[in-house]
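The values are calculated or read from the model by the stated rules, or taken from the named source; none is laboratory data. Since the structure is predicted, the reported quantities are computational estimates derived from the model, not experimental observations. With ideal geometry, Cβ positions are generated from the backbone for all residues, glycine too; neighbour counts draw on all protein chains shown. When the accessible area is computed, the model is the full protein with side chains, heavy atoms only, and any ligands, DNA or RNA have been set aside. Shrake-Rupley method; radii C 1.70, N 1.55, O 1.52, S 1.80 Å.
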Amino acid sequence: MITGIIRSSPGELELAGKTLVTKGDLKSGMRLLIKSAREYERQGRVLDAARIYRYIGDLILSADPQALKDARPFLLKSAYYYLDLLEREIELEEPNLELFDEFCSNILRIFEILGENNKFEKYAREFAIIYKSIGDIQMRRHDIQKAIESYETAYRYHKTIHNSSGISEVGTILVDLYGKGAEIFISEKEYQKAGDTFFKLAFIVKDVFGYDDHFMELMENAGRNYEKAGKEWYAYGDLYYAAKAFLKAEYSYLLAGNSERTELIGLDTAKMLYQLAGEYRKKGFMKELGDTLVMLAQSLFALDKLLEGLKTYKELINEAEVTLEHRYRIRKALLFYLAAKERSRNYLEFVEQMEFYAKREAYAQAIDLAELIFETRFPEIKKGLQKVEGFSPE
């Protein structure tokens with residue numbers, strides 16, 4: 001069967017290889033994927049070669065997590081191709097920031113998988129400096145939104161390697177920009193954006209002062225603006241977006257320590273989500289039902305109704321397809337609940353690390369991080385999740 005496609009294009013080889021892997025013929029599929037990657041190399045299609053070599057390495061590790069030695073050459077080849085692509089992108093007058101982020105993410109993730117801590121730290125530091133420079137350029141061009149996005153990425157990379165000087169430098173810039181941005185959004189009655197900005201600002205301030213009054217006051221502001229956004233969506237008759245905004249308000253108030261507003265908003269949010277879930281169920285909209293049940297479980301967690309939230313999560317498992325993203329969102333909500341309950345800066349730091357993985361769709365790593373916390377500090381929560389997800393013998 002393989003001999004019939006030897007002269008095929010790299011794209012055809014890739015498709016055939018992935019088809020064989022899907023059917024369970026890993027060995028033959030890998031052989032075709034390697035041929036595909038080499039053909040992409042021969043044609044100078046570096047991005048495709050990098051992508052396939054990364055895929056092959058991940059495939060080896062998914063089949064056997066202990067086979068790092070076998071996966072290593074493919075992952076390294078991918079990393080160095082991504083570095084080559086990154087250098088080319090930097091030289092452009094207008095680099096594509098979306099591509100740029102993809103290259104950086106892949107490089108760091110590969111060195112993290114390989115345990116190359118020195119290289120991980122080296123490149124994270126370099127990427128943070130590059131993104132800071134891009135932010136400075138965008139500021140000079142008065143493109144504030146792109147500047148903020150670049151500074152946020154620089155800040156995230158500094159935090160990843162705990163670079164205190166970089167965190168302080170970029171954090172100061174972001175606090176100023178967020179503060180000005182929030183004022184503008186409020187004056188223009190863009191309450192959703194104002195809420196997002198206050199929420200982000202709170203997390204930056206948390207890095208400086210910890211989980212204190214400064215952080216809680218900003219979360220209170222976030223909650224008020226999300227609440228206004230939710231009321232606007234509700235007035236428009238859009239129950240889904242109203243519930244999404246109110247859920248954000250609920251968690252903002254929770255983190256602000258405002259139990260009264262958390263309960264009032266949370267009860268209304270839960271009612272909306274129950275109603276939406278019923279409508280989606282009747283119409284057979286299973287994807288929308290799954291998303292709504294996750295949000296309902298999250299709302300119940302914030303109301304200190306963990307058992308009800310887990311039961312709702314169980315409904316999702318019984319009725320719709322559960323994705324890694326769903327499992328991540330459930331655990332993230334539980335960590336927010338625990339952070340608010342204990343006023344723990346550390347738990348919020350773990351949430352940010354989970355978000356770092358989730359942004360790259362590495363949901364399994366985000367889930368593992370949450371599991372580690374539950375196992376060491378909250379075994380009853382881990383037991384509850386295992387029982388709901390079917391991994392518990394009980």
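Is it true that some residue in the range 194-205 is modelled with pLDDT of 95 or more, over 17 Å from Leu348 (Cα atoms) and of a type in the set (D, E, K, R)?
No, the range 194-205 has no match at all.
When you go through Ala124, Ala182 one by one, which is the residue that is assigned to a helix (DSSP H, G or I), among the hydrophobic types (A, V, I, L, M, F, W, C), within 24 Å of Tyr82 (Cα to Cα) and out of contact with any strand residue (DSSP E or B) (no Cβ under 8 Å at 6 or more places or on another chain)?
The match here is Ala124.
May I ask you to list the residues in the range 129-151 that are of a type outside the set (A, V, I, L, M, F, W, C) and open to solvent by 40 Å² or more (accessible area, probe 1.4 Å)? First the steps, then the outcome.
Taking the range 129-151 first, the residues of a type outside the set (A, V, I, L, M, F, W, C) are 131-133, 135-136, 138, 140-143, 145-146, 149-151.
If the condition is that a residue be of a type outside the set (A, V, I, L, M, F, W, C) and open to solvent by 40 Å² or more (accessible area, probe 1.4 Å), then Ser133, Asp136, Arg140, Arg141, His142, Asp143, Gln145, Lys146, Glu149 are the ones that fit.
Of all residues in the range 315-335, which are assigned to a helix (DSSP H, G or I) and either under 15 Å from Gln386 (Cα atoms) or in contact with an Asp or Glu (Cβ under 6 Å, 6 or more places away or on another chain) (or both)?
Selection gives Glu315, Leu316, Ile317, Asn318, Leu324, His326, Arg327, Tyr328, Ile330, Arg331, Leu334.
Considering only the range 156-178, I want to know if a residue exists there that is in contact (Cβ under 8 Å) with a residue 12 or more places away in the chain, in contact with a helix residue (DSSP H, G or I) (Cβ under 8 Å, 6 or more places away or on another chain), more than 25 Å from Arg125 (Cβ to Cβ) and not in a helix (DSSP H, G or I).
No, every residue in the range 156-178 fails to be in contact (Cβ under 8 Å) with a residue 12 or more places away in the chain, in contact with a helix residue (DSSP H, G or I) (Cβ under 8 Å, 6 or more places away or on another chain), more than 25 Å from Arg125 (Cβ to Cβ) and not in a helix (DSSP H, G or I).
Could you say whether any residue in the range 304-314 is touching a Ser or Thr at 6+ places or on another chain (Cβ under 6 Å), among the aliphatic types (A, V, I, L, M) and under 30 Å from Asp213 (Cα atoms)?
Residues of the range 304-314 touching a Ser or Thr at 6+ places or on another chain (Cβ under 6 Å): none.
So far as the range 304-314 goes, no, none of its residues is touching a Ser or Thr at 6+ places or on another chain (Cβ under 6 Å), among the aliphatic types (A, V, I, L, M) and under 30 Å from Asp213 (Cα atoms).
Would you mind telling me which numbered condition in (1) open to solvent by 70 Å² or more (accessible area, probe 1.4 Å); (2) among the aliphatic types (A, V, I, L, M); (3) under 26 Å from Asn318 (Cα atoms) Leu296 fails?
All conditions are met except number (1).
Evaluate the range 154-164: report whether one residue or more is among the small types (Gly, Ala, Ser), farther than 24 Å from Leu97 by Cβ, open to solvent by 20 Å² or more (accessible area, probe 1.4 Å) and modelled with pLDDT under 95.
yes
Looking only at the range 173-202, how many residues end up being open to solvent by less than 20 Å² (accessible area, probe 1.4 Å), closer than 18 Å to Glu232 by Cβ and either over 22 Å from the mean Cα position of the chain (by Cα) or of a type in the set (Gly, Ala, Ser) (or both)?
Of all residues in the range 173-202, those open to solvent by less than 20 Å² (accessible area, probe 1.4 Å) come to 174, 177-178, 181-182, 194-195, 197, 201-202.
Narrowing further to those that are closer than 18 Å to Glu232 by Cβ: 182, 194-195, 197.
Filter once more, so that each one left must be either over 22 Å from the mean Cα position of the chain (by Cα) or of a type in the set (Gly, Ala, Ser) (or both): 182, 194-195.
Going through the range 173-202 one residue at a time, the tally reaches 3.
Hand me the list of helices (runs of 4 or more DSSP H) wholly inside the range 206-314 holding 1 or more residues that are touching a strand residue (DSSP E or B) at 6+ places or on another chain (Cβ under 9 Å).
Values: elements: 213-236, 239-256, 259-283, 286-302.
Answer list for the range 206-314: none.
Could you please let me know if Ser36 is open to solvent by 40 Å² or more (accessible area, probe 1.4 Å), over 30 Å from Asp143 (Cα atoms), small (Gly, Ala, Ser) and touching a residue at least 24 places away in the same chain (Cβ under 8 Å)?
No; evaluated as a whole, the condition is false for this residue.
Among the residues of the range 241-267 satisfying the criterion of being open to solvent by 50 Å² or more (accessible area, probe 1.4 Å) and either in contact with an Asp or Glu (Cβ under 6 Å, 6 or more places away or on another chain) or in contact (Cβ under 8 Å) with a residue 40 or more places away in the chain (or both), which is farthest from Asp196 (Cα to Cα)? Reasoning before the result, please.
Residues of the range 241-267 that are open to solvent by 50 Å² or more (accessible area, probe 1.4 Å), as a first pass: 241, 244, 248, 259-261, 263-264, 267.
Imposing the further condition that a residue be either in contact with an Asp or Glu (Cβ under 6 Å, 6 or more places away or on another chain) or in contact (Cβ under 8 Å) with a residue 40 or more places away in the chain (or both) reduces the set to 244, 248, 263.
Working: Lys244: 13, Lys248: 9, Glu263: 21 Å.
Here the answer is Glu263.
Any residue in the range 191-218 that's closer than 16 Å to Lys244 by Cα: show its pairings with residues that are assigned to a helix (DSSP H, G or I) and open to solvent by 50 Å² or more (accessible area, probe 1.4 Å) at Cβ separation under 7 Å, as long as the two are six or more apart or on different chains.
Pairs found: Tyr191/Lys228; Tyr191/Glu232; Ala194/Ile186; Gly195/Lys248.
All but one of (1) touching a helix residue (DSSP H, G or I) at 6+ places or on another chain (Cβ under 7 Å); (2) closer than 27 Å to Asp101 by Cβ hold for His142, so report the exception by its number.
Of the numbered conditions (1) touching a helix residue (DSSP H, G or I) at 6+ places or on another chain (Cβ under 7 Å); (2) closer than 27 Å to Asp101 by Cβ, the odd one out for His142 is (1).
Could you pull out the residue among Ser105, Ser133 that is closer than 27 Å to Val46 by Cβ and within 17 Å of the chain's Cα centre (by Cα)?
Ser105
Counting only residues that are without any contact (Cβ under 8 Å) to a residue 12 or more places away in the chain and of a type in the set (Gly, Ala, Ser), which one in the range 48-105 is most open to solvent (accessible area, probe 1.4 Å)?
Ser62
Can you tell me how many residues in the range 316-326 are touching a residue at least 24 places away in the same chain (Cβ under 8 Å) and open to solvent by 60 Å² or more (accessible area, probe 1.4 Å)?
So the count comes out to 4.
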